[in-house]
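Below is one structure, written out as structure tokens; the observations come after it.
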Amino acid sequence: MVVDLAERICHLQYQSKLDRQKVRDFLIKYQDRIIYGTDLEIVKEDDPNQYIEAIQTKWLSDWKYFASEEEMEVEEVDGAFNGLSLPKEVIDKIYFHNAKNWILRS
């Protein structure tokens, strides 16, 4: 089974406030079964430039959460939490290699 993180990253961030190490350990343990994703969508009425900016802002915030130890705050979580500072190979799997492998299997 493989899961994507679309619209679930804020749940991980919330849990990181409570037990950052547990969330980090979980992502490392299941690194081969997790795919990065968002539920961002574009609709006809959207300004393409604003949409591009929103995508970049979301992607950078998610990347910062997975790649750094920085203290962060996001709209969906009440209060601050720290990034997970996942190993590069784990991040590469979540953001690219796992999706590639699953697409090639189908």
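Assorted remarks:
- The residues listed here are 63, 102, 59; of these, the one that is aromatic (Phe, Trp, Tyr), under 14 Å from residue 9 (Cα atoms) and modelled with pLDDT under 95 is 59.
- Scanning segment 81-106 for residues that are outside any helix (DSSP H, G or I), of a type in the set (Gly, Ala, Ser) and surrounded by 13 or more Cβ atoms within 10 Å (Cβ to Cβ) returns 83, 85.
- Remark: residue 14 matches the filter, which requires a residue to be under 20 Å from residue 63 (Cβ atoms), at pLDDT 85 or above and not in a loop (DSSP other than H, G, I, E, B).
- Against the numbered list (1) in a helix (DSSP H, G or I); (2) surrounded by 16 or more Cβ atoms within 10 Å (Cβ to Cβ), residue 37 comes up short only at (1).
- In segment 40-56, the residue that is modelled with the lowest pLDDT out of those that are surrounded by 13 or more Cβ atoms within 10 Å (Cβ to Cβ) and over 30 Å from residue 105 (Cα atoms) is 51.
- Number of residues in segment 40-80 that are of a type in the set (Val, Ile, Thr), over 19 Å from residue 5 (Cα atoms) and not in a helix (DSSP H, G or I) equals 1.
The values are calculated or read from the model by the stated rules, or taken from the named source; none is laboratory data. Note that the structure is predicted; figures quoted are calculated from it, not measured. For neighbour counting, all protein chains shown are included, and Cβ atoms are generated from backbone atoms with ideal geometry for every residue, glycine included.
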